[in-house]
Number of protein chains: 2
Amino acid sequence: MNPLSPNSSDAAGTDASPSFRPLYQQIKALITQSLQSGEWKPGEMMPSEVELAGRFKVSQGTVRKAIDELAAENLVVRRQGKGTFVATHAEERAHFRFLRLMPDEGVPHHPDNRFIAVLRIRATAEVARLLELKSGDAVVYIKRVQSFDGVPTILEELWLPGQLFKGLTAERLVEYRGPMYGLFESEFGTRMIRATEKIRAVAADPVAAEHLKVAEGTPLLCADRVSFSYGDKPVELRRGIYSTARHHYQNELS
Amino acid sequence: MNPLSPNSSDAAGTDASPSFRPLYQQIKALITQSLQSGEWKPGEMMPSEVELAGRFKVSQGTVRKAIDELAAENLVVRRQGKGTFVATHAEERAHFRFLRLMPDEGVPHHPDNRFIAVLRIRATAEVARLLELKSGDAVVYIKRVQSFDGVPTILEELWLPGQLFKGLTAERLVEYRGPMYGLFESEFGTRMIRATEKIRAVAADPVAAEHLKVAEGTPLLCADRVSFSYGDKPVELRRGIYSTARHHYQNELS
DNA sequence: AAGTGGTCTAGACCACTTT
DNA sequence: AAGTGGTCTAGACCACTTC
């Protein structure tokens with residue numbers, strides 16, 4: 001008998017298996033808990049499959065199936081011969097997982113950041129609703145422009161729960177190299193694992209026109225993103241205004 | 001010894017396993033071939049796992065792993081207790097796999113179609129390049145408007161290889177109920193399995209403005225899609241012009 | 001009862017990386 | 001040589017559907 005909640009043939013009682021839950025999914029949940037609690041930090045190696053199998057008193061195959069799903073969800077990364085590692089945003093290849101704006105020609109490269117505002121404000125009703133806060137709760141507001149080859153291309157606004165990002169200042173943002181999600185994960189213990197985006201076409205308002213150096217009324221992409229951490233907890237709101245003169249939003253349908 | 005190409009310890013020769021290919025991937029390739037050749041038609045049930053295991057002289061677990069990947073790629077659908085079925089576009093739930101335009105409020109429902117043009121023309125250099133044809137090859141050109149609740153929302157142009165869609169006429173398109181991909185698959189034996197989209201913001205030109213009943217210059221989404229069939233063969237070009245007044249392009253980042 | 005996919009095990013062995 | 005993930009097997013049993 002394994003130590004986890006049995007699915008049938010239990011001690012007694014008419015177990016008509018009202019809610020069957022495979023062992024490997026229970027293992028997966030336990031591993032996810034350890035990831036969330038920070039038992040293994042981003043970038044670190046996790047215990048080997050045989051070690052986890054021993055800890056949970058299940059076969060290696062069952063642990064494998066659990067980790068397979070975690071790898072499919074990009075929570076962990078497997079490297080043959082080396083081990084299984086906690087996924088991290090502080091990596092070159094992770095940068096373009098959430099940045100879907102690609103140059104029409106040439107290879108993608110990293111944008112230059114210019115921060116316009118880093119403020120602590122109070123959540124509007126709309127922001128509070130999407131971040132699952134209360135109206136008036138503290139939020140960090142960030143506004144920045146990203147340029148490729150000196151051409152301003154992205155005007156971005158972010159709203160973050162103030163509670164989670166207490167020490168976040170303009171200085172920290174400016175001095176940090178790499179994607180913001182890397183900073184969030186390493187400095188504030190908040191890891192983005194999933195996001196949804198709603199995309200619309202909008203006309204450049206005076207502010208956007210100024211920052212992106214385009215004429216007022218120019219058609220621009222507007223991407224409203226909600227990012228989630230473990231347990232589908234919303235931890236970021238982001239509105240990106242993209243100039244698609246020399247770039248496009250790339251998507252794979254499958 | 002299994003009958004498929006051995007990976008090592010072969011009859012003779014210094015096999016330093018220069019190109020290792022797992023058994024289950026070879027099985028997967030064989031099953032894909034059968035799917036492509038039409039041995040089992042879309043919507044039909046395929047042979048059971050044990051039967052396939054017998055046919056290929058491998059264990060059921062190996063067949064399972066092959067089918068697992070095919071299911072992940074949406075080429076087949078597993079139904080516990082029933083069997084494994086060839087995926088088909090002629091299903092309610094499949095409709096919204098490629099249609100990412102969602103209403104800002106309310107539940108998504110099917111659009112009304114109005115066909116503006118169904119022509120056989122010659123491929124321009126650009127169309128030929130993307131469809132991997134030669135300039136001047138025959139292509140089917142389709143132009144249509146899709147409306148939700150009577151509101152014209154999508155202006156779409158399609159280019160299809162003439163060779164693959166010989167009997168395609170306006171009548172066939174009009175009388176067919178359901179998504180176009182269903183027609184392509186059932187009547188022309190061409191099944192879309194994957195697509196890429198590049199999205200930009202554009203200003204409504206006179207033609208788009210007229211069809212979508214918006215003012216000239218209105219910002220609209222422009223989605224350029226290339227669809228692929230088995231073997232990454234391009235089989236459709238589609239340019240969609242979306243009005244995002246009451247809809248948005250929905251995307252999941254993970 | 002029979003057939004299907006789904007889970008779980010124990011063990012063997014392979015490929016890859018590091019020591 | 002030792003440790004890691006990756007493959008493959010054979011068999012038992014479970015959950016679900018159909019007959």
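Just counting partner chain Cβ atoms within 10 Å, what average do the residues of peptide B:95-103 show around their Cβ? Mind dumping the intermediate values first?
On the way: counts 0, 0, 2, 2, 1, 3, 1, 1, 0.
Shielding by partners across B:95-103 averages 1.
How far is B:GLY231 from itself in the other copies, in nm, if each label sits 7 Å out from Cα along the Cα-Cβ line, shortest first?
Ordered by increasing distance: 5.1 nm.
About its Cα centre, how strong a charge dipole does segment A:106-204 have in debye, to the nearest 20, once Lys and Arg get +1 and Asp and Glu get -1 at the Cβ? If you can, show how the numbers build up before the last one.
Values: 14 positive and 12 negative charges, 57 e Å.
Charge dipole, segment A:106-204, about its Cα centre: 280 debye, nearest 20.
About the Cα centre, and with charges only on the beta carbon of Lys, Arg (+1) and Asp, Glu (-1), how big is the dipole of segment B:23-86? Nearest 20 debye, please. The partial results should precede the final answer.
Values: 9 positive and 7 negative charges, 26 e Å.
Around 120 debye, computed over segment B:23-86.
Which value at 222 nm does the protein assembly as shown reach when only helices count, each DSSP H run of 4 or more adding -39,500 (n - 2.57), with the total divided by all residues and rounded to the nearest 500 deg cm²/dmol?
On the way: 14 runs with 130 residues, N = 508.
Rounded to the nearest 500, the figure is -7500 deg cm²/dmol.
Within chain B, what is the number of lysine pairs with alpha carbons under 21 Å apart, leaving out pairs fewer than eight places apart on the same chain?
Lysine pair count for chain B: 17.
In nm to one decimal, list the spacings between the A:PHE20 label point and its equivalents in the other copies, with label points set 7 Å along Cα to Cβ, shortest first.
Ordered by distance, the counterparts are at 3.5 nm.
Roughly how many debye, to the nearest 20, is the charge dipole of the protein assembly as shown about its Cα centre, given +1 on each Lys and Arg Cβ, -1 on each Asp and Glu Cβ, and no other charges? Before the final figure, lay out each step's value.
Numbers: 66 positive and 64 negative charges, 89 e Å.
Roughly 420 debye, rounded to the nearest 20.
Counting other Cβ atoms within 10 Å, which GluC sites (Glu not before Pro) in segment B:201-236 have at most 12 and lie in a DSSP loop?
Of the GluC sites (Glu not before Pro), the ones in loops of segment B:201-236 whose Cβ has at most 12 other Cβ atoms within 10 Å are B:GLU216.
Of A:ALA71, A:VAL151, A:CYS222, which is farthest on the positive side of the dipole of the protein assembly as shown, counting Cα position, with +1 on Lys and Arg Cβ, -1 on Asp and Glu Cβ, and the Cα centre as origin?
Positive-most Cα among the choices belongs to A:ALA71.
For segment B:95-122 and segment B:14-71, what is the separation of their C-alpha centers, rounded to whole Å?
Centre-to-centre (Cα) distance: 35 Å.
Calculate the mean, over all residues of peptide A:219-226, of how many other protein chain Cβ atoms lie within 10 angstrom of the residue's Cβ.
Details: counts 11, 3, 7, 4, 4, 1, 2, 0.
For this peptide, the per-residue mean of nearby foreign Cβ atoms is 4.
What is segment B:95-249's relative contact order, in percent, from Cα pairs under 8 angstrom and six or more apart in sequence?
Numbers: 306 pairs, mean separation 36.2, N = 155.
RCO, segment B:95-249: 23 percent.
How many angstrom lie between the C-alpha centres of segment B:160-237 and segment A:144-168?
Segment B:160-237 and segment A:144-168 have Cα centres separated by 36 Å.
Given label points at 7 Å from Cα along Cα→Cβ, what nm distances, shortest first, separate A:ARG79 from the same residue in every other copy?
4.4
Shape verdict for chain B, please, from the Cα gyration tensor: rounded (a/c under 1.5), prolate (a/b greater than b/c) or oblate. Before the final figure, lay out the partial values.
On the way: a/c = 2.27, a/b = 1.95, b/c = 1.17.
Prolate, since a/c reaches 1.5 and a/b exceeds b/c.
Give me a single rounded figure for B:199-212: the average over its residues of other chain Cβ atoms within 10 Å of their Cβ. Before the final figure, lay out each step's value.
On the way: counts 12, 12, 18, 3, 5, 2, 0, 0, 0, 0, 0, 0, 0, 0.
If you average over the peptide's residues, the count of other-chain Cβ atoms is 4.
Rounded to a whole number, what is D in µm²/s for the protein assembly as shown from Stokes-Einstein with the Kirkwood radius over alpha-carbon pairs (10 °C, 1.306 mPa s)? List each step's numbers first, then the result.
On the way: Rh = 26.3 Å.
This corresponds to a translational diffusion coefficient of 60 µm²/s.
Please list, by residue number, every one of the trypsin sites (Lys or Arg not before Pro) in segment B:161-246 that is coil in DSSP and has at most 16 other beta-carbon atoms within 10 Å.
B:LYS166, B:ARG177, B:LYS213, B:ARG246
Quick one: Karplus J couplings for segment A:161-169, per residue in order, coefficients 6.51, -1.76, 1.60, θ = phi - 60°, nearest Hz, x for Gly and Pro?
x, x, 4, 7, 10, 5, x, 6, 10
Rule-based calculations on the coordinates, nothing more; no lab input. The structure displayed is predicted, hence computed values, not measured ones. Backbone-built Cβ (ideal geometry, glycine too); neighbour counts: all protein chains shown.
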